[in-house]
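Asker: There's a structure below that I have some questions on.
The values are calculated or read from the model by the stated rules, or taken from the named source; none is laboratory data. Computed from a predicted model, the values in this text were never measured in an experiment. Cβ placement follows ideal geometry from the backbone for every residue including glycine, while neighbour counts extend to all protein chains displayed. For accessibility, only protein heavy atoms count, side chains too; no ligands or nucleic acids. Shrake-Rupley method; radii C 1.70, N 1.55, O 1.52, S 1.80 Å.
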Amino acid sequence: MSRIVGRRLYSSGSQLIKTPLYDCHVEFGGKMVPYAGFEMPVLYKDQTHTESHNWVRNNVGLFDVSHMLQHRLSGQNVADFLQKVTPINLSELEVNSSSLSVFLNEQGGVIDDCIITKHGENEYYMVSNAGCREKDIAFLKKELQNFSGVNHDTFEGTLLAIQGPKAAEILQKFTNESLKDLTFGKSRFSQLSSIINSQVHIARCGYTGEDGFELSIPSSTAQETKESQEFFRTLINEYPDIVKPIGLAARDSLRLEAGMCLYGHELDESKTPIEATLAWLIPKSRRQDDATFNGASNILAQIKDRSLFTHKRVGIRTKGPSPRDDCKVYTADGKDEVGYITSGAPSPTSGGNVAQGYIKNGLKIGTEVKVEIRGKLRDGVISKMPFVPSNYYRG
């Protein structure tokens, strides 16, 4: 069974969907742009992209990520189902813990990336990408035909990311429960404040490389939506020297510095997790020859023999104009093409530019390359990721 709950997910023609926090974005001067079928803030008034980026690295940024698709999965065979469509080992995941994983096609290509949270042996919460919404639902629905006793619902609500080194300091003001034992990758349901009457799912995670939280706040009724908006406003209005709303532009440059993938750029169905340098997503316990997850034979073969694929995901630093998607990468002498860029941007934190791309196997960190940018070959170097050290709270 797979169904979508919530009317806001449906729109006619080219009409963009508004998240529950839309009114707040307009109120705080958000520049709204189309993104994955939603109307989302890319920047806010009186903030440049660089200022927004640096604010998150030093204070607290609020990101509306309500466009992401939230899932509930339960039932007697739910673990077997999830371990078929992803390479995760759920027996190794503690209750109220989460892990990054990927939906895989039969060849081991990445259909989408997702975060899976274990709420019980037969109960899971999952978040996947907005841009893959229709594809993911169709994929999961098809796979579910082979599994009885699995309930799958997708639902909408306010999904709010609170990111930055002072995130815990701010969020702690809204709960009587200590956040010190809620380490990176852990989650809980809590009563957050007198503003929100529903239980809120708090996960310590994020997409910036900084400490932070993602809050799933029920917003299926007008009253619940009003409460989520009031919470958003309160965070900003009561702590203006620490908290600011942040848009998509800084979200992208922050995740690039953190060495994180963006689906449709670093990940797609033509690439396996091994090519994407995500071999760690396949735990040792799932690397047996009789592994049953989608594409297991191809993926396990690549783990054993790297000559079975030609390119791998790497980090690249450059100077001058920033590289963009599809910029070609050449050897240091500029003679031989060795790869291409999938994402690139100036790095406000470390200076210069940071990029991710796919480069021929055998080229190591520290190898000098040339990147074709605006018709000219620019100096670059294959670099270790993350470009900026992560600051996850591990207790």
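Asker: Take the stretch 232-285 and flag every residue that is part of a helix (DSSP H, G or I) and among the acidic types (Asp, Glu).
Answerer: Glu238, Asp252, Glu257
Asker: Taking the stretch 211-231 as the region of interest, how many residues are of a type in the set (Gly, Ala, Ser), in a helix (DSSP H, G or I) and surrounded by fewer than 20 Cβ atoms within 10 Å (Cβ to Cβ)?
Answerer: Number satisfying all stated conditions: 1.
Asker: Looking only at the stretch 309-332, which residues are closer than 17 Å to Ser270 by Cβ, surrounded by fewer than 15 Cβ atoms within 10 Å (Cβ to Cβ) and not charged (D, E, K, R)?
Answerer: Correct list: Thr310 only.
Asker: I'm trying to understand the selection: among the residues of the stretch 189-210, which are within 16 Å of Pro20 (Cα to Cα), open to solvent by less than 20 Å² (accessible area, probe 1.4 Å) and in a loop (DSSP other than H, G, I, E, B)?
Answerer: Ile196
Asker: Could you please find all residues in the stretch 333-383 being farther than 20 Å from Glu275 by Cβ and of a type in the set (S, T, N, Q)?
Answerer: Across the stretch 333-383, the qualifying residues are Ser347, Thr349, Ser350, Asn353.
Asker: Here are some conditions: (1) of a type in the set (Gly, Ala, Ser); (2) open to solvent by 40 Å² or more (accessible area, probe 1.4 Å); (3) under 23 Å from Arg233 (Cα atoms). Gly30 meets all but one. Which one does it not meet?
Answerer: Only one criterion is unmet by Gly30, namely (2).
Asker: Out of the stretch 312-337, which residues are within 22 Å of Gly259 (Cβ to Cβ), part of a loop (DSSP other than H, G, I, E, B) and either without any contact (Cβ under 8 Å) to a residue 24 or more places away in the chain or in contact with a Phe, Trp or Tyr (Cβ under 6 Å, 6 or more places away or on another chain) (or both)?
Answerer: Correct list: Asp326 only.
Asker: Hey, another quick one. Name the residue, out of Lys142, Lys180, that is among the basic types (Lys, Arg) and touching a residue at least 24 places away in the same chain (Cβ under 8 Å).
Answerer: The conditions single out Lys180.
Asker: Got a sec? Which of Ala258, Ala276 is buried (at least 16 other Cβ atoms within 10 Å of the Cβ), touching a residue at least 40 places away in the same chain (Cβ under 8 Å) and in contact with a Gly (Cβ under 6 Å, 6 or more places away or on another chain)?
Answerer: Ala258
Asker: Let me ask something else about it. Could you check the stretch 92-112 and list, in sequence order, the residues that are under 29 Å from Arg394 (Cα atoms), open to solvent by less than 40 Å² (accessible area, probe 1.4 Å) and within 17 Å of the chain's Cα centre (by Cα)?
Answerer: Here is the first cut: in the stretch 92-112, the residues under 29 Å from Arg394 (Cα atoms) are 92-103, 110, 112.
Restricting the remaining residues to those that are open to solvent by less than 40 Å² (accessible area, probe 1.4 Å) gives 93, 97-99, 101-103, 110, 112.
Ser97, Ser98, Ser99, Ser101, Val102, Phe103, Val110, Asp112, listed by residue number.
Asker: Among what's in the stretch 130-154 and is open to solvent by 50 Å² or more (accessible area, probe 1.4 Å) and touching a Ser or Thr at 6+ places or on another chain (Cβ under 6 Å), pick the residue that is farthest from Pro218 (Cα to Cα).
Answerer: Top of the filtered list is Lys141.
Asker: Pairs please, first residue from the stretch 368-395 and closer than 16 Å to Leu256 by Cβ and touching a residue at least 12 places away in the same chain (Cβ under 8 Å), second anywhere and aromatic (Phe, Trp, Tyr) and open to solvent by less than 50 Å² (accessible area, probe 1.4 Å), Cβ atoms under 9 Å, 6+ apart in sequence or on different chains.
Answerer: That search, which allows pairs on different chains as well, returns Val371/Tyr330.
Asker: If we keep just the residues of the stretch 44-73 that are polar (S, T, N, Q), open to solvent by 40 Å² or more (accessible area, probe 1.4 Å) and in contact (Cβ under 8 Å) with a residue 12 or more places away in the chain, which is farthest from Val243 (Cα to Cα)?
Answerer: Here the residue is Thr50.
Asker: Please work out which one of (1) part of a helix (DSSP H, G or I); (2) out of contact with any Gly (no Cβ under 8 Å at 6 or more places or on another chain) is the condition Asn176 fails and give its number.
Answerer: (1)
Asker: Of the residues Ala79, Ala161, which single one is assigned by the TED database to the domain that holds Leu179 and either part of a strand (DSSP E or B) or more than 25 Å from Phe38 (Cα to Cα) (or both)?
Answerer: Ala161
Asker: Does at least one position in the stretch 234-242 carry a residue that is crowded, with 23+ Cβ neighbours inside 10 Å and more than 16 Å from Val65 (Cβ to Cβ)?
Answerer: There is no residue in the stretch 234-242 that is crowded, with 23+ Cβ neighbours inside 10 Å and more than 16 Å from Val65 (Cβ to Cβ).
Asker: What are the pairs, 6+ residues apart or on separate chains, where a residue within the stretch 208-237 that is within 20 Å of Leu182 (Cβ to Cβ) has its Cβ under 6 Å from a residue that is open to solvent by 10 Å² or more (accessible area, probe 1.4 Å) and among the aromatic types (Phe, Trp, Tyr)?
Answerer: Correct list of pairs: Asp211/Tyr393.
Asker: Still on this model: Touching a Pro at 6+ places or on another chain (Cβ under 9 Å), assigned by the TED database to the domain that holds Val200 and either within 16 Å of Val56 (Cα to Cα) or surrounded by 22 or more Cβ atoms within 10 Å (Cβ to Cβ) (or both): is that true of Ile246 in this structure?
Answerer: Answer is yes for this residue.
Asker: Okay, moving on. Looking at the stretch 184-237 only, could you name the residues that are of a type in the set (Val, Ile, Thr) and more than 23 Å from the chain's Cα centre (by Cα)?
Answerer: Ile195, Ile196, Thr221, Thr225, Thr234, Ile236
Asker: Give, as residue ranges, the strands (runs of 3 or more DSSP E) completely inside the stretch 342-395 that count at least 2 residues that are buried (at least 17 other Cβ atoms within 10 Å of the Cβ) and under 18 Å from the mean Cα position of the chain (by Cα).
Answerer: Qualifying strands (runs of 3 or more DSSP E): 353-360.
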